[in-house]
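Working notes for the structure below.
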C-alpha cells in the first residue's frame with residue numbers, strides 16, 4: 001500500500017484527519033511506497049515489497065538490493081540532480097512542519113487556557129506546552145528518516161499532550177466546580193465539569209482544521225516534487241525493473 005511521499009512525511013507529523021496524509025498527497029498527487037533516509041553521504045529508499053526493496057545512491061553510484069547498477073551517463077546525471085534537488089527540498093519541508101507545529105501549539109494553548117480556572121494552572125499549562133513543542137521542534141530539526149513520521153505520529157503526539165495536560169486541567173476545573181457547588185451554583189459546577197471533558201474530545205479536530213492553512217505552502221512545493229518525479233522516472237535497476245521512487249497521479253481538489 002502506498003504511503004504519503006517520503007519527503008512530505010516530516011510535514012505529516014502535524015497532520016490528522018482534517019489535514020491528513022491523503023489530503024496533502026492529493027495536493028501534489030505524489031506518493032511513494034518507500035521509506036527514505038537522507039544521510040550525510042547517501043540517500044536510501046527502502047520498502048518491504050515488491051522488489052527492488054532497497055535503493056541506495058551514494059558517491060554517484062546506484063546500488064539496488066546490494067548490487068551496484070551500471071548506469072549510462074544520462075541516468076547517472078539525472079539521479080545526481082535528483083539527489084541534489086531532493087536535499088534542497090528537505091529544509092523547505094521542515095520549515096512547513098515547524099509552521100504546522102506552531103499552529104498546533106497555538107490551538108492547544110488557546111484551548112487549555114480557556115479551560116483553566118486559575119493563574120497558576122495556566123502558567124503550568126503554558127510551561128508544559130512549551131516543553132512539548134520544544135521537544136518536537138528538536139525532533140524535526142534532527143530528523144533524517146521518514147520512519148520517524150508515520151501517519152500515526154499525529155494521533156500519538158496529540159494523545160501524549162492530552163495525557164500530560166488533562167489531569168492538571170481536570171483537577172483545576174474540579175476545584176472550580178466544587179467551589180461553584182458550595183456557593184450554590186450547580187449549573188456552573190456542571191458546566192465546568194463538561195468543559196474538562198472537552199480537551200480529549202475536541203482538541204484534535206480543532207488542530208486539524210487549523211492545519212488546513214498549510215495547504216498553500218504545500219502547493220508551492222508541487223513543482224519541485226514533479227521535477228523530482230521526472231528526474232527519476234524511467235531509471236531502472238540491473239534487472240530492468242523501474243525504481244519508481246516517486247509516483248505522480250492526478251491531483252484531486
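Coordinate-derived values only; no laboratory data. Keep in mind that what you see is a predicted model, and the values were worked out from it rather than measured. Glycine gets a Cβ as well: all are built from the backbone with ideal geometry, and neighbour counts include every protein chain shown.
What's the center-to-center distance, using Cα atoms, between segment 34-88 and segment 93-127 in Å?
40 Å
Within segment 30-58, which residues have the backbone N less than 13 Å from the label spot 7 Å out from residue 247 along Cα→beta-carbon, could you tell me?
Those under the cut-off are 30-34, 49-50.
With 10 angstrom as the radius, rank 230, 208 by how many other C-beta atoms surround their C-beta, starting from the fewest.
Numbers: 230 14, 208 21.
The fewest-first ordering by Cβ neighbours comes to 230, 208.
How high is the FRET efficiency between residue 134 and residue 99 when r is their beta carbon distance and R₀ equals 22 Å, given to the nearest 0.05? Numbers along the way, then the final one.
Values: r = 16 Å, r/R0 = 0.72.
About 0.90, to the nearest 0.05.
Full extension from residue 142 to residue 219: what is 0.36 nm times the residue separation minus their Cα-Cα distance, to one decimal in nm?
Taking residue 142 through residue 219 to full extension adds about 25.3 nm, to one decimal.
Fully extended, how many nm does the chain gain between residue 233 and residue 90 (0.36 nm per residue separation, minus their Cα-Cα distance)?
Here the answer is 49.5 nm.
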